[in-house]
């Protein structure tokens, strides 16, 4: 239950998520999170588990919550973007090198490395005496349901900029389903 809590947010859409869950968003860079937790400026944060070790989050918190079957409450996108004209101007062998380096098993390998980093952070927190809570399938589904209006809001927001947000969400969800552990 996040009602009445102040939660550190990573972005504008992160603020929408926190508001949809009944909490008040507090924008700050992640390095400011430990002192904010210590001083009570925020009550918690949605952050990846991998951030626990470098920021010693386990020293400022008692609980971490994860969704059913290692479900993440957020996903990050890593990309290399280039202007189409610049891409077209690259020699074919360089274009091939980019394609070869970004396809195949690379997304799976990155996911495995990320999960291992998350597991390290979770274990560090548990070893420090924190309680790691894994939500049930029903509880995780309730989060998804509560956040669907945020997805709709984002789709409308980017639509006003000429972007087909619905198609992007559909594609992203398909890729997440294909590559996620759940």
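A few remarks follow.
- Flag if residue 173 is in contact with a helix residue (DSSP H, G or I) (Cβ under 7 Å, 6 or more places away or on another chain) and either surrounded by fewer than 14 Cβ atoms within 10 Å (Cβ to Cβ) or modelled with pLDDT of 90 or more (or both): no
- Condition check for residue 31: outside any helix (DSSP H, G or I), in contact (Cβ under 8 Å) with a residue 12 or more places away in the chain and on the phi < 0 side of the Ramachandran plot: no
- Verdict on residue 66 being in contact with a strand residue (DSSP E or B) (Cβ under 6 Å, 6 or more places away or on another chain), within 30 Å of residue 35 (Cα to Cα) and at pLDDT below 90: yes
- Here segment 2-15 is the region considered, the condition is being under 16 Å from residue 33 (Cα atoms) and in a helix (DSSP H, G or I), and the residue that is modelled with the highest pLDDT is 15.
- Test: residue in segment 48-60 that is closer than 30 Å to residue 36 by Cβ, modelled with pLDDT of 90 or more and not in a helix (DSSP H, G or I): yes
- When segment 34-47 is limited to residues that are assigned to a loop (DSSP other than H, G, I, E, B) and modelled with pLDDT of 90 or more, the one that is surrounded by the fewest Cβ atoms within 10 Å (Cβ to Cβ) turns out to be 40.
- When we screen 22, 15 for residues that are in contact with a helix residue (DSSP H, G or I) (Cβ under 9 Å, 6 or more places away or on another chain) and either surrounded by 13 or more Cβ atoms within 10 Å (Cβ to Cβ) or free of Cβ contacts under 8 Å to residues at least 24 places away in the same chain (or both), the only hit is 22.
- Residues that are closer than 20 Å to residue 59 by Cα and assigned to a helix (DSSP H, G or I), drawn from segment 16-28: none
- Selection count where residues are under 28 Å from residue 13 (Cα atoms), surrounded by 10 or more Cβ atoms within 10 Å (Cβ to Cβ) and modelled with pLDDT of 70 or more, scope segment 74-110: 7
- Some residue of segment 83-90 being out of contact with any strand residue (DSSP E or B) (no Cβ under 8 Å at 6 or more places or on another chain), in contact (Cβ under 8 Å) with a residue 24 or more places away in the chain and farther than 24 Å from residue 178 by Cα: no
The values are calculated or read from the model by the stated rules, or taken from the named source; none is laboratory data. In this text, all values refer to a predicted model and were calculated from it rather than measured experimentally. Cβ sites come from the backbone with ideal geometry, for glycine too, and all protein chains shown count toward neighbours.
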